[in-house]
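This report refers to the structure that appears directly beneath it.
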Amino acid sequence: MSWQHLPEHLSPYILHTPWFSLHWYGLMYAFAYILIYLVARYRMKKESFTITPEQLVGAMTWSVVGLAVGARLFYVLFYEPSYYLAHPFQIIWPFGADGSLQGISGLSYHGGLLGIILSVILYCKKKKIRIWELSDLLVPVIPLGYTFGRIGNFINGELYGRVTDVPWAMVFPRDPERALRHPSQLYEAALEGLLIFIFLWSVRKKVRGPQMLGLYLLLYAAARIIVEFFREPDPQLGFIVAGVTMGQVLSAAMMIGGVVLLFTKKHRLK
């Protein structure tokens, strides 16, 4: 087996039957949430936070809902609006053509992040939790969990990169051209996930409040814009204009939000 054809030998299924399918991608996201929870609990024991374990579980539970709704709606609105306008029921239809439970495909990271932020803000207001304290607790940890989401994309053979002749290029089973491509999912796992986690973890005691969230938004947006130059654009969209992808457009908006937070005084956002 050639390592260039490794993705072809990775099954996206943990379990696959005519009636039910369990994907590695979903398991990776579950593992990511568990890991974020465990590292956050470690911080709660070692550092000074007033957040309780029950509040942490509540916030993360609300964030799951925000993630699912935001990621799906952003994909529908920004990536395939004409299709879902004609087939609105497909927005929430989780079954494949054979009637088996496949889950809902087509999610947007940017929408998922916005959904998480809004849902956690609502939870904090409901429970009277200090928003920026919860942000300080979770934001430095989030990229570590995100790393596993991109590894899930790699196992699924989706969101692959552009055609290339670099020595580490790979053939992905979902690619109709069967061409050698950048393993851009792994680039994202390393750059947007692991490296940002290492940096935010190293400054977690020095950077707080809106600045911590702003720093994350800025770093992720910059990393995503870079990786988009290696990632194949979504086929239904292609390039928006002059070689710019939708991911770069949304990341540019995200970067602006990060800069605003970096220069916002904390008392204005209480």
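The values are calculated or read from the model by the stated rules, or taken from the named source; none is laboratory data. Just so you know, these numbers come straight off a predicted model, no measurement behind them. Don't worry about glycine lacking a Cβ; one is built from the backbone with ideal geometry, like all the others, and counts go over all protein chains shown.
Are any residues in region 220-254 more than 23 Å from D175 (Cβ to Cβ) and surrounded by 20 or more Cβ atoms within 10 Å (Cβ to Cβ), and if so, which ones? Y220, A221, A223, L250, S251, M254, listed by residue number. Restricting attention to region 126-151, the residues that are in a helix (DSSP H, G or I) and either crowded, with 20+ Cβ neighbours inside 10 Å or in contact with a helix residue (DSSP H, G or I) (Cβ under 8 Å, 6 or more places away or on another chain) (or both) add up to 18. Residue check: is V64 within 24 Å of S135 (Cβ to Cβ), surrounded by 13 or more Cβ atoms within 10 Å (Cβ to Cβ), in contact (Cβ under 8 Å) with a residue 40 or more places away in the chain and not aromatic (F, W, Y)? When the stated conditions are applied, V64 does not pass them. Reported count of residues in region 152-164, each being of a type in the set (F, W, Y) and outside any helix (DSSP H, G or I), is 1. Could you tell me which residue of region 170-190 is farthest from S108 (Cα to Cα), considering only residues that are within 18 Å of the chain's Cα centre (by Cα) and buried (at least 21 other Cβ atoms within 10 Å of the Cβ)? Filtering region 170-190 for residues that are within 18 Å of the chain's Cα centre (by Cα) and buried (at least 21 other Cβ atoms within 10 Å of the Cβ), the one farthest from S108 (Cα to Cα) comes out as P183.
Within region 125-182, if we keep just the residues that are under 30 Å from G209 (Cβ atoms) and among the charged types (D, E, K, R), the residue that is modelled with the lowest pLDDT turns out to be R150.
Every condition in (1) assigned to a helix (DSSP H, G or I); (2) modelled with pLDDT of 95 or more; (3) not aliphatic (A, V, I, L, M) holds for F229 except the one numbered (1). For region 19-91, which fully contained helices (runs of 4 or more DSSP H) count at least 2 residues that are under 24 Å from I121 (Cβ atoms)? Ranges flagged: 24-46, 53-78.
Can you find a residue that is polar (S, T, N, Q) and over 23 Å from P235 (Cβ atoms) anywhere in region 71-85? No, that holds for no residue. Report yes if some residue within region 210-217 is touching a helix residue (DSSP H, G or I) at 6+ places or on another chain (Cβ under 7 Å), within 29 Å of R181 (Cα to Cα), in a helix (DSSP H, G or I) and of a type outside the set (D, E); otherwise report no. Yes - at least one qualifying residue is present in region 210-217.
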